[in-house]
Amino acid sequence: MSSLRSSELDGDSDDSQLAAKFWEVKLPDVVPLDDLKAIEKTQAAEVIQRAWFSHMDKIIFQLLKHTICAAENCVTHEILKKVCPSEAALVKDPSVQCKVRFRFGGKNFPPFIVFKIFLHTGGHGNKYFSGKNTLRPSSEAVVDACKLMGNRKYYDQIIQDQLQFQKYKVADEVDVVTMKDYMHFTSFLDETPAYLGGKSNCWRRLSLENFPKTMIMYDIMDYATSGTLSDRLQKELKYLLQKPKSKEMHHDQLRIVSQVRHWG
């Protein structure tokens, strides 16, 4: 009995040791005071850095807002002349009721500026003609088009039409059933190239070279892309960053951004 009890006691002691090892928690080493202060300084520096970057992003965005407003209301024709002179002449024609819209684009900051030309018809609507919606199947015009284009090019066009339908589902007037379909169809026509039966009037991106160098808006775009702050922009920066208290002040800010300056 005594030997049995001793073995049982030995077993109990082994179990208690295993349990102690199982529940043992390793405490982390104590961080020295100097290292703790260094960590706190690093975290504080990161907070200050994030706040500074956020402040600079707000400055750039405010300047870009002035640029896009000035581009749409003051210097539309000058910008279009650099992008496409023929379209600039068309927009300036008083018989053609056009409006150029500017927007921000891109997934990253700072955004880039895009533009698109809209045609106002005064509620009367317009008709866009293209070979795709004018020439119908089983007509002599289609046969003549096939002869002029050649079989290879004609078949490629048919394949492209089928691929567009599979991708967009609303690629022709006969596919329009609801108002939502109509909106998708008009957007599809704008983005489709002219050689595929579209209007080729999508949102187009502006580069730094498209802005007049004689205006501060060029310096703003350069500052947004390269981070270089020019002297003439620095002189007007404080006033441009102020929140306009009236329409007159807002117009004055746009005037400063779009004013032609010949500085040495």
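Residues that are of a type outside the set (D, E) and closer than 30 Å to H77 by Cα do not occur anywhere in the stretch 155-176. Checked against (1) modelled with pLDDT under 90; (2) in contact with a His (Cβ under 9 Å, 6 or more places away or on another chain), G264 passes all but a single condition, namely (2). Across the stretch 64-118, the number of residues qualifying as in contact with a strand residue (DSSP E or B) (Cβ under 6 Å, 6 or more places away or on another chain) and free of Cβ contacts under 8 Å to residues at least 24 places away in the same chain comes to 4.
Where helices (runs of 4 or more DSSP H) fall wholly inside the stretch 96-173, the ranges with 2 or more residues that are modelled with pLDDT of 75 or more and exposed (fewer than 12 other Cβ atoms within 10 Å of the Cβ) are 140-149, 151-168. Against the conditions (1) exposed (fewer than 13 other Cβ atoms within 10 Å of the Cβ); (2) out of contact with any helix residue (DSSP H, G or I) (no Cβ under 9 Å at 6 or more places or on another chain), Y182 satisfies every one except (1).
The values are calculated or read from the model by the stated rules, or taken from the named source; none is laboratory data. Quick caveat, the model's predicted, so the values are computed rather than measured. All Cβ positions, even for glycine, are placed from backbone atoms using ideal geometry, and neighbour counts span all protein chains on display.
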